[in-house]
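Contents: one structure, followed by commentary.
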Amino acid sequence: MTGAYDGRQVVGMDMHRLRSVLVRMTADGRKLETVRIARSPAALRAVIARAGGKPRVVIEATDLAVARIRRWSVLGGLINE
């Protein structure tokens, strides 16, 4: 499934050192999009924007991911909006 979806979306993030993989899904788990992005604020904002208003964001739960989030402050700002 790709394209427009009006319901609330979930964005799953798998963070790596140079790139991240993001998956946009419907609330019931149907995949809308999978993208690999460079670790840039602009790329992240573009994917999050496609997820509509107030998407649920899920991030891999590892110590390394938490450290990256703290260093990459733009992510914290997007999640808290």
Mind checking which pairs have a first residue in the stretch 15-29 that is at positive phi and a second that is surrounded by 12 or more Cβ atoms within 10 Å (Cβ to Cβ) and at pLDDT 90 or above, Cβ under 9 Å, 6 or more apart or different chains? G29/V10
Those strands (runs of 3 or more DSSP E) lying entirely in the stretch 13-69 with at least 1 residues more than 10 Å from the chain's Cα centre (by Cα) and at pLDDT below 90: 19-26
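The values are calculated or read from the model by the stated rules, or taken from the named source; none is laboratory data. Everything quoted here is computed from the prediction, not taken from an experiment. Neighbour counts are summed over all protein chains in view; Cβ atoms, including those assigned to glycine, are modelled from backbone coordinates with ideal geometry.
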